[in-house]
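A.B. asks: Below you will find the structure I want to go over with you.
The values are calculated or read from the model by the stated rules, or taken from the named source; none is laboratory data. Bear in mind that the values here come from a model prediction, so they are computed numbers and not experimental data. Please note: Cβ atoms are built from the backbone with ideal geometry, for glycine as well, and neighbour counts cover all protein chains shown. All accessible areas refer to the heavy atoms of the entire protein, side chains included, with ligands and DNA or RNA removed. Shrake-Rupley method; radii C 1.70, N 1.55, O 1.52, S 1.80 Å.
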Amino acid sequence: MDAVNRYITINNHVNGAPQDSDFELKASPLALSLDPASNVVIVKNLYVSIDPYQLNRMKSFSASQKTSDFAVAIVPGEAIDTYGVGKVVASTNPEFDKGDIVVGLLNWGEFTVIKAGGMLNKLNTMGFPLSYHVGILGFSGLTAYAGLFDICKPNKGEKVFVSAALGSVGNLVGQFAKLSGCYVVGCAGSKEKVALLKEKLGFDDAFNYREETDLNSTLKSYFPNGIDIYFDNVGGEMQEVAVSNMNINGRIAVCGVISEYLDSEKRAAPSMIEVIYKRIKIQGFLAGDYLNIFGDFLSTTCDHLRTGKIQPLEDISDGVESIPSAFISLYRGQNIGKKIVKIAEE
């Protein structure tokens, strides 16, 4: 029995803002009858993650491509891997059976063929929607949890600033920080997003950075007594002014620098004098560094979801053909929360 696998590729390296013309929807036959000795799993993809860091993989060169197995360069014309949830439709791997719901490294496509040793695990949904396991209960959630609790170690009453606060990671950082008794301010790119931060997610305050002409003065007005923790998702000028407003022994978790993804010349230049004399800790990190705390993260986050203390925020598009526009939307500030594409029904 054969199927047709439709999947997304890039036509060329993408060194600027991604455009529709950079992507192609390809189709190829896929044999579902496997050689018993092949030790292969074929997964029907159900939900796949859409993440900003993929742009660095699409570039002709990025320093990130040589530092992590999850960030290796994407070859034009080849399938693009991503985190996702799917259903096994064929398997000669003794660890997986047809019908198993699985989570792991899938493709931006309708099917994924996974050889022995590939990143794939059976999924216990614990009663939550499958999409949650791509976002809030997946790497986005782990990133927020690890960056805040392991790197920044918040204390009750501390002042927390989150950039890109309505993104897949930022919205969770703010909610976790509030549950820790912190004062939390976020920034986002529209009035509607600011309203969501305050009215739905419980941030103490928020502002639209596009409306601000002097970001340093803006942060001073929201944090008259200084910032203790800055969760950085954007880099650039926002990082510079955050450092200027940090308190002594402040902590900064650098999760992303999306402002630099489209413009390599737009780099943050925080005051090192401030970093030294305020003894500010600045640490970059990857979610993959913290798989050892995944169990704690999952247990804590599931409890908060069940009690309604944390609100999931998902932005789901439908169909493999929507992947390019979903990805492009990240760079136009159009996503609300975690961007996901639903490929198929279970």
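A.B. asks: Applying the selection to region 175-190, what residues are under 14 Å from Leu219 (Cα atoms) and either out of contact with any helix residue (DSSP H, G or I) (no Cβ under 6 Å at 6 or more places or on another chain) or open to solvent by 10 Å² or more (accessible area, probe 1.4 Å) (or both)? Please lay out each step first, then the result.
C.D. replies: Of region 175-190, the ones under 14 Å from Leu219 (Cα atoms) are 183-188.
Across region 175-190, the qualifying residue is only Tyr183.
A.B. asks: Here is a further query. Report yes if Pro36 is open to solvent by less than 50 Å² (accessible area, probe 1.4 Å), out of contact with any Lys or Arg (no Cβ under 9 Å at 6 or more places or on another chain), assigned to a loop (DSSP other than H, G, I, E, B) and not acidic (Asp, Glu), otherwise no. Spell out the reasoning first.
C.D. replies: Numbers: open to solvent by less than 50 Å² (accessible area, probe 1.4 Å): no; out of contact with any Lys or Arg (no Cβ under 9 Å at 6 or more places or on another chain): yes; assigned to a loop (DSSP other than H, G, I, E, B): yes; not acidic (Asp, Glu): yes.
Taking the combined requirement at face value, the residue does not satisfy it.
A.B. asks: State all residues of region 157-169 that are over 21 Å from Arg279 (Cβ atoms) and assigned to a loop (DSSP other than H, G, I, E, B); if no residue qualifies, say none.
C.D. replies: Ser163, Ala164, Ala165, Leu166, Ser168, Val169, listed by residue number.
A.B. asks: How do the helices (runs of 4 or more DSSP H) wholly within region 234-346 filter down when requiring 1 or more residues that are in the same structural domain as Lys200 (by the TED database), among the hydroxyl-bearing types (Ser, Thr, Tyr) and loosely packed, with under 14 Cβ neighbours inside 10 Å: which remain?
C.D. replies: Details: elements: 236-244, 258-261, 272-277, 294-307, 323-330.
Because the criterion is at least 1 residues that are in the same structural domain as Lys200 (by the TED database), among the hydroxyl-bearing types (Ser, Thr, Tyr) and loosely packed, with under 14 Cβ neighbours inside 10 Å, the helices (runs of 4 or more DSSP H) in region 234-346 that meet it are 272-277.
A.B. asks: Among the residues of region 170-193, count how many are part of a helix (DSSP H, G or I), of a type in the set (A, V, I, L, M, F, W, C) and more than 20 Å from Pro224 (Cβ to Cβ). Lay out the reasoning, then the answer.
C.D. replies: Filtering region 170-193 for residues part of a helix (DSSP H, G or I) gives 170-179, 191-193.
With of a type in the set (A, V, I, L, M, F, W, C) added as a condition, the list becomes 172-173, 176-177, 179.
From what is left, the residues that are more than 20 Å from Pro224 (Cβ to Cβ) are 172-173, 176, 179.
Selection size over region 170-193: 4.
A.B. asks: Within region 199-214, does at least one residue satisfy the condition of being acidic (Asp, Glu), closer than 30 Å to Thr125 by Cα and out of contact with any helix residue (DSSP H, G or I) (no Cβ under 8 Å at 6 or more places or on another chain)?
C.D. replies: Narrowing region 199-214 to residues acidic (Asp, Glu): 199, 204-205, 211-212, 214.
Still in the list and also closer than 30 Å to Thr125 by Cα: 199.
Narrowing the set further to residues that are out of contact with any helix residue (DSSP H, G or I) (no Cβ under 8 Å at 6 or more places or on another chain) leaves 199.
Among the residues of region 199-214, at least one is acidic (Asp, Glu), closer than 30 Å to Thr125 by Cα and out of contact with any helix residue (DSSP H, G or I) (no Cβ under 8 Å at 6 or more places or on another chain), which makes the answer yes.
A.B. asks: Of everything in region 287-334, what is closer than 19 Å to Gly256 by Cα and β-branched (Val, Ile, Thr)? Give them in sequence order.
C.D. replies: Ile328
A.B. asks: Of the residues Arg279, Arg306, only one is on the phi > 0 side of the Ramachandran plot and either modelled with pLDDT of 95 or more or in contact with a Phe, Trp or Tyr (Cβ under 9 Å, 6 or more places away or on another chain) (or both); which? Before you say what the answer is, go through the steps one by one.
C.D. replies: Details: Arg306 fails: on the phi > 0 side of the Ramachandran plot.
Step by step, each of Arg279, Arg306 is checked, and only Arg279 is on the phi > 0 side of the Ramachandran plot and either modelled with pLDDT of 95 or more or in contact with a Phe, Trp or Tyr (Cβ under 9 Å, 6 or more places away or on another chain) (or both).
A.B. asks: Take the residues in region 25-50 that are more than 16 Å from Ile343 (Cα to Cα), of a type outside the set (A, V, I, L, M) and at pLDDT 95 or above, then tell me which one is farthest from the chain's Cα centre (by Cα). Spell out how you get there, then give the answer.
C.D. replies: The first filter runs over region 25-50 and keeps only residues more than 16 Å from Ile343 (Cα to Cα), leaving 28-41.
Those still in the list that are of a type outside the set (A, V, I, L, M) too: 28-29, 33, 35-36, 38-39.
Still in the running and at pLDDT 95 or above: 28-29.
Working: Ser28: 29, Pro29: 31 Å.
Across region 25-50, the extreme among qualifying residues is Pro29.
A.B. asks: Would you be able to say whether some residue in region 17-26 is open to solvent by 10 Å² or more (accessible area, probe 1.4 Å), over 15 Å from Pro324 (Cα atoms) and either assigned by the TED database to the domain that holds Val75 or among the polar types (S, T, N, Q) (or both)? Steps first, answer last, please.
C.D. replies: First pass over region 17-26, keeping only residues open to solvent by 10 Å² or more (accessible area, probe 1.4 Å): 17, 19-26.
Next, only the ones that are over 15 Å from Pro324 (Cα atoms) stay: none.
Scanning region 17-26 turns up no residue that is open to solvent by 10 Å² or more (accessible area, probe 1.4 Å), over 15 Å from Pro324 (Cα atoms) and either assigned by the TED database to the domain that holds Val75 or among the polar types (S, T, N, Q) (or both).
A.B. asks: Counting only residues that are among the acidic types (Asp, Glu) and not in a loop (DSSP other than H, G, I, E, B), which one in region 210-233 is least open to solvent (accessible area, probe 1.4 Å)? Walk me through it before giving the result.
C.D. replies: Taking region 210-233 and keeping what is among the acidic types (Asp, Glu), we get 211-212, 214, 228, 232.
Applying the additional criterion that residues be not in a loop (DSSP other than H, G, I, E, B) yields 211, 228, 232.
Details: Glu211: 102, Asp228: 26, Asp232: 0 Å².
Among those residues, the one meeting the criterion is Asp232.
A.B. asks: Restricting the search to region 76-108, which residues are farther than 30 Å from Ser21 by Cα and among the polar types (S, T, N, Q)?
C.D. replies: Listed by number, the residues that qualify are Ser91, Thr92, Asn93.
A.B. asks: Would you confirm, using the coordinates I've provided, whether Ser140 is in contact with a Pro (Cβ under 9 Å, 6 or more places away or on another chain) and open to solvent by less than 20 Å² (accessible area, probe 1.4 Å)?
C.D. replies: Values: in contact with a Pro (Cβ under 9 Å, 6 or more places away or on another chain): no; open to solvent by less than 20 Å² (accessible area, probe 1.4 Å): yes.
It is false that Ser140 is in contact with a Pro (Cβ under 9 Å, 6 or more places away or on another chain) and open to solvent by less than 20 Å² (accessible area, probe 1.4 Å).
A.B. asks: Can you confirm whether region 108-122 contains a residue that is open to solvent by 30 Å² or more (accessible area, probe 1.4 Å), in contact with a Phe, Trp or Tyr (Cβ under 7 Å, 6 or more places away or on another chain) and within 21 Å of Asn335 (Cβ to Cβ)?
C.D. replies: The answer is no; no qualifying residue exists.
A.B. asks: Moving on to the next point. With (1) assigned to a strand (DSSP E or B); (2) farther than 29 Å from Lys98 by Cα as the list, and Ser21 as the residue in question, which single condition is left unmet?
C.D. replies: (1)
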